[in-house]
Amino acid sequence: MKLFNKSKIEKEIKELPKGFLTILFDAAISANIKSIAIVGGIVRDLIMKSKNIDYEIIFNDLDIIIEGETTKYVEELQKILGPDQVKIIRNNKTYKTSEIIINNIKIDIASAREETYPIPGENPIVKSSTIKNDLIRRDFNINAMAIELKKYNLIDLFSGYDAINNMRIDFLHELSFLEDPTRIIRASRYTAKLDFNLSNKALSQIKNTIKSWPWDWKIGDKADLAPSGLSIRLKMELELLFKSKDWKNALKNLQKWGGLEIIDFKLQNDKSLLEKISVAKKSNIEPLTALVYESENPLYLAKRLQLSEQQKEIIKGADQLNKSLKNIITSQLYKNWSPSQWTNVLESINISESSFILEICRRNPLKEYLESWLYKWKDIKSPVTGDDLLAQGWQSGPDLGIEIKRQRMQLIDQQNII
């Protein structure tokens, strides 16, 4: 099927200079590359644009697939354009990919490959193949299309063009979700971004797969033994989801499909999850940190998803705060506490402000006291300093600190009434 030509593509993708695609194709010929094509979301977006003139193509990079070695192809580009014009960002020999920049245009180059999943959810085994076979390994029909750069024919093996017409996304085969559970996160992003629906067949595949839980590892097993598709790659896809301007609708879709059950059952059933994450995001808390904290066992999930040490510390602090507040609620003594008493108690816990914000977002029953300390009481300084007291005749020693703290607490009580 022929929908595009070189001029039309370069016109629609304004970031591409005239003749840029010709350079890419000529380099492939010189490097004895059997075939080269544009692949990925840009193909989908070009089709969307051809159907709706108001559709906005947001260009971030150009995905190229070749039947050959990426390193050899990049070397040929450097010969043609000069080594200074072709900046190599990354080479991944395992997955046979290269990332380069030419004239501020980021290009992701991949050798056509096949993937097999000996263990569902783990990283696949890769071997070189053809462009058509490479499209077969992909996630959805709308992403399994390519425009080859010889005659600019559209390669569409799974009726992706028709799927765009029908605004419906489908997996490519019956084991798609089983092999790579992160595909459900990508599905939620695409449906939210494009305002598409997931096919009934895909929804059944998700529901049946989660119900049968075919992976060797299950929630509750050792966190560090979780397969990549249920741990680190799952985290990476969630981070991409939260970077999207449509993240709220994407998260809604996941809950609607029952998809959050692969992360945590409590998250799946939390009707106020979006609101909590929104509040945290406005307070400069990473949304993924907030999501994990709302789970049944935040520390366990943080370890499973391999969050950063900083994220883990924030979650650990919030969990510590939550336990302390439960003890306070049980005692009921807090009802007569002054602002200074609250300040002493909360500051003795010694955790970051981000941990307080996480617990506030969770709507803790003592939320008003947490907010009062976080946004008022903690910023009140003592009216005197150590130098002031020394000038008044005080002797150096621990009594100075005690007096400075006493006067600070007195000032907090004078300026604040709960």
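Brief remarks follow.
- Residue-level check: of (1) within 16 Å of K367 (Cβ to Cβ); (2) surrounded by 19 or more Cβ atoms within 10 Å (Cβ to Cβ); (3) basic (K, R), R304 misses just (1).
Listed here are the residues, each with its yes/no results for (1) farther than 19 Å from G68 by Cβ; (2) modelled with pLDDT of 90 or more; (3) not in a strand (DSSP E or B).
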{"position": "S98", "(1), (2), (3)": "no, yes, no"}
{"position": "D108", "(1), (2), (3)": "no, yes, no"}
{"position": "E115", "(1), (2), (3)": "no, no, no"}
{"position": "N123", "(1), (2), (3)": "yes, no, yes"}
{"position": "N133", "(1), (2), (3)": "no, yes, yes"}
{"position": "I155", "(1), (2), (3)": "no, yes, no"}
{"position": "R189", "(1), (2), (3)": "yes, yes, yes"}
{"position": "A192", "(1), (2), (3)": "yes, yes, yes"}
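- Index of the failed condition, K34 passing every other in (1) surrounded by 14 or more Cβ atoms within 10 Å (Cβ to Cβ); (2) within 23 Å of K132 (Cβ to Cβ); (3) touching an Asp or Glu at 6+ places or on another chain (Cβ under 8 Å): (1)
- Boolean, E261 is buried (at least 16 other Cβ atoms within 10 Å of the Cβ), within 14 Å of the chain's Cα centre (by Cα), outside any loop (DSSP other than H, G, I, E, B) and touching a residue at least 40 places away in the same chain (Cβ under 8 Å): no
- Contact map, the stretch 309-331: residues that are in a helix (DSSP H, G or I) paired with residues that are among the acidic types (D, E), Cβ distance under 7 Å, separation 6+ or inter-chain. Pairs shown: Q311/E286; A318/E359; L321/E359; N322/E359.
- Of all residues in the stretch 282-300, those that are of a type in the set (A, V, I, L, M) and touching a residue at least 40 places away in the same chain (Cβ under 8 Å) total 4.
The rows are residues; the columns are (1) surrounded by fewer than 18 Cβ atoms within 10 Å (Cβ to Cβ); (2) in the same structural domain as L46 (by TED's automatic domain parsing); (3) not charged (D, E, K, R).
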residue: I64; (1), (2), (3): no, yes, yes
residue: K79; (1), (2), (3): yes, yes, no
residue: P83; (1), (2), (3): yes, yes, yes
residue: K87; (1), (2), (3): yes, yes, no
residue: R90; (1), (2), (3): yes, yes, no
residue: S98; (1), (2), (3): no, yes, yes
residue: I102; (1), (2), (3): no, yes, yes
residue: E114; (1), (2), (3): yes, yes, no
residue: P120; (1), (2), (3): no, yes, yes
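The values are calculated or read from the model by the stated rules, or taken from the named source; none is laboratory data. Here the structure is a predicted model, which is why all the values come from computation and not from measurement. Quick reminder, even Gly has a Cβ in these numbers, built from the backbone with ideal geometry, and neighbours come from all protein chains shown.
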